Structure formats: C-alpha cells, structure tokens
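Student: Structure provided below as structure tokens; questions to follow.
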C-alpha cells in the first residue's frame with residue numbers, strides 16, 4: 001500500500017468518526033437547569049435576601065427520611081404558623097423528575113412528604129415560604 005492510499009483511508013476514517021460524534025451528540029438529552037433561567041437570575045437578589053432571613057434559625061430546619069421511608073421536614077414550631085410556600089424537589093440529572101408541592105407544616109412544625117411520586121436518586125430540596133410578609137428560603141441536597 002502506498003502513502004496516498006493511507007492518507008485517503010485516514011481521511012475517510014476521520015470523517016466517519018466526526019459524523020458518528022454528530023449523530024450520537026444529537027441523540028443525547030440535555031436539560032437546562034431551568035427554562036426561565038434568565039428571569040430567575042434577575043430575581044436572585046430576592047433569594048439571597050430570603051436566605052439571609054432564614055439564617056437565625058437555619059440550624060433548626062431538618063429534612064430526612066423517617067422510619068416508614070417517607071421524608072420528614074421539620075422547622076421550628078414557632079415559625080410554622082401561618083406560612084405560605086412550596087417545596088421544590090430539583091433533580092439535576094433529569095428535569096422530568098422535578099416535583100413541586102405545597103408547604104403545609106402542622107402545629108409542631110413537621111410535614112411528612114410521601115416518596116411515592118419521587119424516583120430514587122439525588123435531589124436538591126428548595127423550600128421557600130412567606131410568613132408575616134417576610135420571605136424565607138432554605139435548600140439541602142438529599143439522596144432517596
């Protein structure tokens with residue numbers, strides 16, 4: 001085999017490799033962190049302020065799996081009355097598995113979240129609520 005044939009074979013293999021990468025790259029699913037990430041970035045100062053409002057009692061907020069496998073969210077009882085907010089389970093690996101539910105702690109500051117509609121894996125739990133015209137925000141990573 002002469003050197004001209006080797007160069008042609010090299011080019012053909014290189015072009016086939018490029019087309020393979022293009023084909024496989026087009027089939028790969030790529031989710032954005034959020035569809036409205038630009039609007040969220042503009043409003044991020046309010047998240048910083050809400051996080052700052054949560055700092056005095058952030059050490060007394062917990063989220064963990066309880067004995068029956070469900071998720072137990074606990075916040076201070078004196079902060080749990082008259083709250084209005086939501087719990088957002090953010091799944092970094094797949095946006096289709098994200099879940100949002102209402103925050104509704106009982107008088108003792110606890111809320112049980114069933115895991116029946118959550119696929120096992122890693123989640124970032126983002127909890128935001130309002131109480132007496134003040135916004136609060138707290139987040140934690142958990143693995144189910």
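The values are calculated or read from the model by the stated rules, or taken from the named source; none is laboratory data. Small disclaimer: the values here were computed from a predicted structure and weren't measured. Because the Cβ atoms are built from the backbone with ideal geometry, glycine has one as well, and the counts that use them run over all protein chains shown.
Student: So which of 64, 79, 27, 52 is within 24 Å of the chain's Cα centre (by Cα), over 21 Å from residue 114 (Cβ atoms) and surrounded by 10 or more Cβ atoms within 10 Å (Cβ to Cβ)?
Tutor: Selected residue: 52, the only one of 64, 79, 27, 52 that is within 24 Å of the chain's Cα centre (by Cα), over 21 Å from residue 114 (Cβ atoms) and surrounded by 10 or more Cβ atoms within 10 Å (Cβ to Cβ).
Student: Is it fair to say residue 64 is in contact with a helix residue (DSSP H, G or I) (Cβ under 7 Å, 6 or more places away or on another chain), under 15 Å from residue 144 (Cα atoms) and assigned by TED's automatic domain parsing to the domain that holds residue 139?
Tutor: no
A quick yes/no check of all residues on (1) exposed (fewer than 14 other Cβ atoms within 10 Å of the Cβ); (2) touching a strand residue (DSSP E or B) at 6+ places or on another chain (Cβ under 9 Å); (3) free of Cβ contacts under 8 Å to residues at least 60 places away in the same chain:
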site	(1), (2), (3)
46	yes, yes, no
75	no, yes, yes
89	no, yes, yes
93	yes, yes, yes
102	yes, yes, yes
108	yes, yes, yes
132	yes, no, yes
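Student: Also, I was wondering about something else. For residue 57, indicate whether it is in contact with a helix residue (DSSP H, G or I) (Cβ under 7 Å, 6 or more places away or on another chain) and surrounded by 13 or more Cβ atoms within 10 Å (Cβ to Cβ).
Tutor: Considered against the rule, which asks whether it is in contact with a helix residue (DSSP H, G or I) (Cβ under 7 Å, 6 or more places away or on another chain) and surrounded by 13 or more Cβ atoms within 10 Å (Cβ to Cβ), residue 57 comes out as yes.
Student: Now for a separate question. Which count do you get for residues in segment 93-117 that are in a strand (DSSP E or B) and either under 16 Å from residue 58 (Cα atoms) or outside the structural domain of residue 136 (by TED's automatic domain parsing) (or both)?
Tutor: Of the residues in that region, 1 qualify.
Student: Sticking with this one: Can you tell me how many residues within segment 118-144 are more than 16 Å from the chain's Cα centre (by Cα) and either under 24 Å from residue 67 (Cβ atoms) or in a loop (DSSP other than H, G, I, E, B) (or both)?
Tutor: 2
Student: For segment 93-117, what are the residues that are within 17 Å of the chain's Cα centre (by Cα) and either modelled with pLDDT under 90 or over 19 Å from residue 54 (Cα atoms) (or both)?
Tutor: Correct list: 93, 94, 95, 96, 97, 98, 99, 100, 101, 113, 115, 117.
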